[in-house]
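Working notes for the structure below.
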Amino acid sequence: MKSVLLLLGILIPVYGQIFINQQKWSLTLTTQANLEKIYHVEEELLQSFSIFLRQEQFYHKLDNRSPDDADEEEEEHENAHAHNGSKSHLEDVKKNIELLEDAKRVHRIVSNRVMKYILHPINVYHMMRRVRTINKAAMDVFENVCKAWNMPDLKYRLQNINRSVPTEEHFENVAYDLVMLQHIYNLTENSLFSGNLFNHSSLDPLSPRDIYDIARIAYKRQDYYYAIRWARYLTELFNTYDVPDDRYGFSMKNLFAIMSSSYYPLKQYKSAMISAQMILRLDPDNKLAQVNEKFFERLIDQDKKIPLRRIPPGDKTRRKYEAMCRGTLKKPAKLAKQYKCKYQRGKNLFIYHKMEVMNLKPKILVFHDVFNQDTGDAVAYLGYKPLSEASYKNRMYFESPHFTAIPRDRTRSQWVKALTNRLDELPMASIKPYRKGILEVRNIGFEGMYYDISDAKNWVPKLGGGNTASMFAFLKDVEAGGEMVFPYHRVRITPRLGSVVYYLASRSFMMVCPVAYGTEWLSVMSFYEEHKYGFCRDHDQP
């Protein structure tokens, strides 16, 4: 038995697996400032890569120059370095030219609409793939062909760009985030693969190579259910399975290996056997597929026709988080009737605020229409500026939600002060013995904001040296996703411009669902506990 299972694992070589139960979701990349940086890094990379390929075109006579100009350029090129003129190198040059032209096409279309382009998750995925592919091709050309130019400035420029290119882990996280968007928001394969999300179309749909890679990454993360769904959709696109490996950039044998190895842990033995048989149709001498076919055939008798479903994560918090974001976990009807929306008197005796009670013990409150759109847009922009500066100054990317921005307001309107005053007027802001903190701005991408309870218990008490309360203000409307959830209290709050959420961070754990389109801008103000005579500590309250 153990030897056969080992053979199953060899069907698809997987290295450095990150299990669903062990995945850390707090490190995010798809914030607005980070995505803008990646786009501009790609622009710089295209400029350098264009120089390399121009020389290659001149040397291999792949351009439309006159014969005299071609001879002159060829002589300069030969004097610069000893060139590799093999047939394989010429094919690489042609592929690189196609790669460069496709990237230039995207940048011509996007032009001055960068912000709209990076709102779509599939556009972000394609951008991540392009910048990594072009960077690898440029570094290969420089190391193998153009290194003899002896140009230190060009070398340092390429090294600087290379340090700013997202890593393989970044790319895999973004790819798997598409799977999580499908899972949480019940997206169909047709809409997702065509690039149509919430009535917004991506610049390009997902290609067969994209679908294969994401299925492979889902399998690597042990999310077998979605690995099957993506792989099975891909098999339905072809009239024949005898597809050359170099046509779409992947092997059909590996695709069926993903399906076979994914069906087995889900106890779909018959489907696993059929997938192994498909491998044998393409490669009759495949020893591993022959062993697996016989192994699955013996297990068919144990097939109890279990419906194909996703194995939930082993972590309880993660299960609750996904259920809350999907809307399948709600408060019991009898308990939900206790919570009502009412007008609550604030710090000013003559001003009442619309307050919705979401939970009583501990208190989770939502105040509606606290500030207007002008205030929200201004504070979000003031927070975006330091986030953008931090992204461009650092070699890598800043991490949200642990990285926050303190907005500096030097305008006459004093937008930050106006928002702070509005928060101060809320009834919960003046409760002693809390000390008010500094207003901060956060940006959440389509990874959402998730952290393990063990991590939260370690850093929450360190915020102010004691138990804290927090106010989160929604600075902008979110078109799709981005709900604020409290998994252990079954509270789900839809983000709306001008709304403010108050909760006790010492007693509850707040998380944010993935943003399905665009990013989410939040402003947070924390209240730190002070020890005063005559007042109970927060955890001493009944």
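The values are calculated or read from the model by the stated rules, or taken from the named source; none is laboratory data. Quick caveat: nothing in here was measured; it's all calculated off a predicted structure. Neighbour counts are summed over all protein chains in view; Cβ atoms, including those assigned to glycine, are modelled from backbone coordinates with ideal geometry. In case anyone asks, the SASA skips ligands and DNA or RNA and just uses the protein heavy atoms, side chains included. Shrake-Rupley method; radii C 1.70, N 1.55, O 1.52, S 1.80 Å.
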Largest to smallest accessible area among 153, 369, 177 [probe 1.4 Å]:
153, 369, 177
Heavy-atom accessible area per residue, the stretch 199-238, 1.4 Å probe: how many Å²?
36 Å²
Taking placed amide H atoms and a strict 5 Å upper bound, the residues 5 or more places from residue 508 or on another chain that come that close are none
Per residue, accessible area of the stretch 290-376 with a 1.4 Å probe, heavy atoms of protein chains only, in Å², comes to 66 Å²
Ranked output for segments 237-243, 225-231 by mean other Cβ atoms within 10 Å, highest leading, reads 225-231, 237-243
Extension length gain for residue 354 and residue 316 (0.36 nm per residue less Cα distance), in nm, is 10.3 nm
For residue 517, what residues show an amide H to amide H distance below 5 Å, using hydrogens built from the backbone and excluding near sequence neighbours?
480
For the stretch 232-390, what is the relative contact order in percent, using Cα pairs closer than 8 Å and at least 6 residues apart in sequence?
10 percent
Equivalent ellipsoid, the stretch 264-419 (semi-axes from 5 times Cα gyration tensor eigenvalues, Å)
55, 29, 11
